[in-house]
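Structure first, commentary second.
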Amino acid sequence: MSVSIAIMGLVVGCLVGLTGVGGAALLTPLLIVMGINPSIAVGTDLVYNSITKLFGVSQHWKQNTINFKMVKYLALGSVPSAVIAIGTLHLFPAFHQHQEQIIKHALGYVLTFVAISIIVRVFFDKKFRPNRWQLQPLEQKRTLTILIGVFFGFIVGLTSIGSGSLFAIAMLYLYRMKTSELVGTDIAHAFLLVTVAGILSASFGSVDYMLVANLLIGSIPGVIAGSKLSTKVPSKPLQAVLASILLISGMKLI
């Protein structure tokens, strides 16, 4: 079990390094397919994501590529919303009794949405920019930014998916940012969100720490290897293939 999980972490890490597609979108469904309880898969993935994103935050902090004001506005909405999602699943008997089915169906819809978003981003990115939303200053979009956090934060708390991909897509189409700043801001906010959500999941006993350790053993070298290969391998065809896989997986879970 330990070896197979480490290998899975290696493959997922390598794919994340190559394509930039969020690890949770790949990892959580795989854990469920392997027979791990959906709530444990989600909680474990949140803690795993928190640890991996910490390394990214430190690097972007050094590079000064984090928009802290946007991180604050997104977190004002996303963190409380994720807490509500996790609390609802565990504290209300009606939801707790059916949480496996709720998580599976939610995963299916979110995976489908993420897959379609990736396909749109790969093939139609230039057609969406620039637009009137991007031309407005951040302060004028404060309420919109917080509401984006509320909506996507709930999804992340429920499924562990989207802390990077969903918010990155929103930032791409609604805000005018350099690519490096977009990535840094996305990772910094995702770190805050999944750390709080992971701590809360852990308090409910929904985290398998041995599973986290085994995944990290494989994924850390995998991300490094994938990142190095990313300069030699075209990412768009790989992203399109991965999006297709996520779309099929999502439709099967619905």
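Nothing in this text is a laboratory measurement; each read-out follows from the coordinates by a stated rule. Quick caveat, the model's predicted, so the values are computed rather than measured. Cβ atoms come from the backbone with ideal geometry, glycine included; neighbour counts cover every protein chain shown.
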Entries of LYS104/LYS236; LYS62/LYS228; LYS72/LYS178; LYS104/LYS178; LYS72/LYS141 with Cα pairs more than 24 Å apart: LYS104/LYS236; LYS104/LYS178
Excluding same-chain residues fewer than 8 positions from LYS69, which aspartates and glutamates have a Cα within less than 18 Å of its Cα? GLU139, GLU181, ASP186
Given Cβ charges of +1 for Lys and Arg and -1 for Asp and Glu, the option among TYR73, VAL11, LEU89 whose Cα lies farthest towards the positive end of the dipole of the chain is TYR73
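Can you pull a Stokes-Einstein diffusion coefficient for region 100-211 at 10 °C (1.306 mPa s), Rh from Kirkwood over Cα pairs, as a whole number of µm²/s? Please report the intermediate quantities before stating the final value.
Details: Rh = 15.4 Å.
Once the numbers are plugged in, D ends up at 103 µm²/s.
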Taking every alpha carbon pair in the chain and sorting the distances into 5 angstrom bins from 0 up to the bin holding the longest one, the percent per bin comes out as 1, 7, 14, 18, 21, 19, 12, 6, 2, 0, 0
